[in-house]
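Data block below; observations after.
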Amino acid sequence: MPVSSKIISTLFALSAMTAASTTVLAAPAKKPTVAEAERFLADTEERLNKLNNEQAKGAWVGSNFITDDTEAIASFFAERYLTAAGEAAIAARRFNGLKLPEASARKMMLLQQTLVFADAKEREQYAQLQAAMNGAYGKAKYCPKNADGTAGACMPLGEMEKVLANSRDEAKLKEMWTGWHAQSPAYKQKYTEYVALSNKGAKQMGFADTGAMWRAQYDMPPEAFSAEMERLWQQVKPLYDALHTYTRYKLRQTYGPDVVPLTGPIPAHLFGNMWSQSWNNLYPLLKPATGASSFDLSKVLEERKTDAKQMTQYAERFYTSLGMQKLPETFWERSLLTKPRDRDVVCHASAWPLNEKDDVRIKMCITPTAEDFTTIHHELGHIYYFLGYTKQPYLFRNGANDGFHEAIGDTIALSITPSYLQKVGLMDQAPDANADIGQLLERALSKVAILPFAYSVDKWRWDVYSGKTKPADYDKSWWQLREQYMGMKRPVAADANGAGFDAGAKYHVAADVPYARYFLADMLQFQFHRALCREAGYTGPLHRCSVYDNAKAGAKLQQMLAMGTSKPWPEELKAISGEDKIDGGALLDYFAPLKTWLDTQNAAFAAAEKK
Ligand code: X8Z
Ligand code: ZN
């Protein structure tokens, strides 16, 4: 959650906050000393820690019990935090240029990566808008009309996602897709006001705009970061293209050539997911004709009526097998693991540190599916990161960068292999090696499919924040990027008046959580996985490696978690993997056998089409 401008709950964005009252804007003339700088940091960390804990409680109730009152509570505490963080950022400027010990210099730099509002009214408005959009997303529902025109039962997002996952009725899919995307225009006006305010705050702190401030959080200049993202995308694009081509052929067989064209973008409602970011639900359509295992984890979990707590315990057991602590009692008492029947909550999964000790929680509407089985491992990755860096000072209690925070749980989930599932009694008999392609394909449907989505969400936002994309062009730009990177198009024509807000139908846009983190995490997790498997002494193919129960791999991981963001991320990456660059090579290695297979399949399909 907001893994950068504190709360750090893996999702509440607060990525970019802050504020300052005008009284602190004038810097005193006297040259400061190192001792003063150290005292300033100690006082500031104590103050921000306290306010951040309060802010986290406010945000927690705001997301767990969505009402007008909790929205006001959440924004009240967010604003107090913003005020203090802004004051600290401005005050820190006084020490710029002073030679400080490395850790203190890093803290000063981190303090200044934040929004600063000179005007208290604007700060208040900013916090209110953020809480309001978070609530609006959590409450949104699609209410179809009955055939006779009367109001039908309203559908929350989770129900609509289920239809998209399981139905092959094209009209029904289109209805779900358009039904959900009709909700976000309601908060488009709020979003545009919010963007303008946020930019003002970024400019106060010397950033060109909020997007530039986001890109400045990776221990390199913002322009260098944009270039890194593009370099990584070009590296993995051929693999995405191969998967997209294969998927097109299979979708054509299912929905026919009138719905799925032979060339050009594919309608976005056919991928089994509201945002077409993960195509796992298409696996039954896409699986290899021969050799694929018939094992279905969702079926096993459902048949055994695995409840939300048990799902979480499977994940906990993985982490404890690596030598990590058991989850604290309060985790079980205070987390939200199932969707409440009687109130609105933000169901999008998130992990939260509520204080600097061990009040950690998750909020997730868990169902017994393979997808949620993976997601719960993802969430506990955040939780064990929080628990791992508790001993760091306030400003270092964060991921090495936000991609690291997102990658930990995914790294662990890569170890959910058939042999692991067998060990924990979820699979009777491991499939033989012939089933590898099926297993790799299933994994690629989330790990490869998400790449252009994760890249283009923030490409869109960078242009929105820079002012290049104006509100009337939000949808135009969103779909231009979707087409260019993902090879997809809107299932029906966009609103002709430019009133649409399809980007806002994605949680991270409505809640303003940066998204490049997931793109980085997608590469990093394969680098981490390869490094941990090596540490465990494993030498076989990476997709069959599971580090379950391996204390050596666990210790290596724990070492990195404990560092928090105390060092620039390349140093932390080097410590765990020997590499100092984020790189798509590990991901490409992992999927190499699949790439060969996809190329062969695609060549055969192309030849058949020509006939
Ligand atoms: O938002 C998440 C996590 C919480 S940080 C469930 N993810 C992204 C998404 O759902 O869009 C994980 C994968 C990408
Ligand atoms: Zn996450």
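The values are calculated or read from the model by the stated rules, or taken from the named source; none is laboratory data. Only a predicted model underlies this, so the values are computations on that prediction, with no experimental measurement involved. Neighbour counts run over all protein chains shown; Cβ positions are idealised from the backbone, glycine included. Side chains are part of the model used for accessible areas, which takes the heavy atoms of the whole protein and leaves out ligands, DNA and RNA. Shrake-Rupley method; radii C 1.70, N 1.55, O 1.52, S 1.80 Å.
Can you work out D for segment 368-432 in µm² s⁻¹ from Stokes-Einstein, where Rh is the Kirkwood radius over C-alpha pairs, the temperature is 10 °C and the viscosity is 1.306 mPa s?
D, rounded to a whole number, is 120 µm²/s.
Using modelled amide H (1.01 Å from N, peptide plane; none on Pro or chain starts), what sits under 5 Å from the amide H of Lys489, excluding residues fewer than 5 places away?
Excluding prolines and chain starts, which carry no amide H, the hits are Ile266, Ala268.
Would you tally the net charge around Arg304, using a Cβ to Cβ cut-off of less than 15 Å, leaving Arg304 out, and scoring K and R as +1, D and E as -1?
Numbers: positive: Lys299, Lys305, Lys309; negative: Asp296, Glu302, Glu303, Asp307, Asp372, Asp428.
Surrounding charge for Arg304 is -3.
Estimate the FRET efficiency between Ala575 and Ala496 by the formula 1/(1 + (r/R0)^6), using the beta-carbon distance for r and 41 Å for R0, to the nearest 0.05.
The calculated FRET efficiency here is 0.15.
Stokes-Einstein D for segment 129-246 at 20 °C, 1.002 mPa s, Kirkwood Rh over Cα pairs, in µm²/s?
Values: Rh = 18.3 Å.
The Stokes-Einstein estimate is 117 µm²/s.
So how tilted is helix 120-139 from the main axis of the chain? Cα-based, degrees 0 to 90, rounded to 10.
Its long axis makes an angle of about 20 degrees.
Roughly how many Å is it from the Cα centre of segment 583-611 to that of segment 282-316, as a whole number?
25
Please identify the trypsin sites (Lys or Arg not before Pro) of segment 322-410 that satisfy two criteria: DSSP loop assignment and at most 15 other Cβ atoms within 10 Å. Which are they?
Answer in residue order: Lys326, Arg341, Arg343, Lys357, Lys391.
Return the subset of Lys139/Lys200; Lys162/Lys363; Lys459/Lys506 for which the Cα-Cα distance in this structure is over 21 Å, preserving the input order.
Lys139/Lys200
Can you run the Rg to Rh ratio on segment 564-605? Use alpha carbon positions and the Kirkwood inverse-distance Rh.
1.31
Could you list, bin by bin from short to long, the percent of Cα-Cα pairs of segment 484-611 in 5 Å steps?
2, 8, 12, 14, 14, 11, 11, 11, 8, 5, 3, 1, 0
Run through segment 89-131 and list the trypsin sites (Lys or Arg not before Pro) located in a DSSP loop whose Cβ has at most 10 other Cβ atoms within 10 Å.
Lys99
In Å and from the alpha-carbon atoms only, list the Rg and Dmax of segment 515-556.
When restricted to the Cα atoms of segment 515-556, Rg and Dmax are 11.4, 34 Å.
Quickly work out the Gln392-to-Asp296 label distance, labels modelled 7 Å from Cα along the C-beta direction, and quote it in nm with one decimal.
About 4.3 nm, to one decimal.
Return a whole-number percent for the relative contact order of segment 458-611, with Cα pairs under 8 Å and 6 or more residues apart as the contact set. Intermediate results must be reported in sequence, preceding the final value.
On the way: 100 pairs, mean separation 26.6, N = 154.
Here the relative contact order equals 17 percent.
Using θ = phi - 60° and the Karplus form 6.51 cos²θ - 1.76 cosθ + 1.60, what ³J(HN,Hα) does each residue of segment 300-308 get, whole Hz, x for Gly and Pro?
4, 5, 5, 4, 7, 6, 4, 8, 4
With each label point set 7 Å from Cα along the Cα-Cβ vector, what nm distance links Arg317 and Asp148?
Label-label distance for Arg317 and Asp148, simple model: 5.2 nm.
Using θ = phi - 60° and the Karplus relation 6.51 cos²θ - 1.76 cosθ + 1.60, list the HN-Hα couplings for segment 520-534 in order, rounded to whole Hz, with x at every Gly or Pro.
My calculation for segment 520-534 gives 5, 4, 5, 7, 4, 4, 6, 5, 5, 4, 4, 5, 5, 5, 4 Hz in order.
Give the accessible surface of the chain per residue, rounded to a whole number of Å², with probe radius 1.4 Å and ligands, DNA and RNA excluded. Could the numbers behind the result be given before it?
Working: 23720 Å² over 611 residues.
For the chain, the solvent-accessible area averages 39 Å² per residue.
How large are Rg and Dmax for segment 441-483 when calculated on the C-alpha trace, in angstrom?
For segment 441-483, the Cα radius of gyration and maximum Cα-Cα distance read 12.6, 39 Å.
Per the Kirkwood formula on distinct C-alpha pairs, the Rh of segment 184-273 is how many angstrom?
16.9
For the chain, what is the relative contact order in percent, using Cα pairs closer than 8 Å and at least 6 residues apart in sequence?
18
If you count the DSSP beta bridges with both ends in the chain, what percent of them are antiparallel, to the nearest 5?
Antiparallel bridges make up about 70 percent of those DSSP assigns within the chain.
At q = 0.05 Å⁻¹, what log₁₀ I(q)/I(0) does a Debye calculation on the Cα points of the chain give, no solvent, two decimals?
-0.21
Can you list residues from other chains, or at least 5 along the same chain, whose modelled amide H is less than 5 Å from the amide H of Met427?
Gln422
Can you work out the Karplus-derived ³J(HN,Hα) for every residue in segment 243-257? Use 6.51 cos²θ - 1.76 cosθ + 1.60 with θ = phi - 60°, whole Hz, and x for glycine or proline.
Calculated HN-Hα couplings, in order: 5, 5, 4, 4, 5, 4, 4, 5, 5, 4, 5, 7, 9, x, x Hz.
Using the Kirkwood radius over Cα pairs, work out the Stokes-Einstein diffusion coefficient for segment 293-447 at 10 °C and 1.306 mPa s, in µm²/s as a whole number.
96
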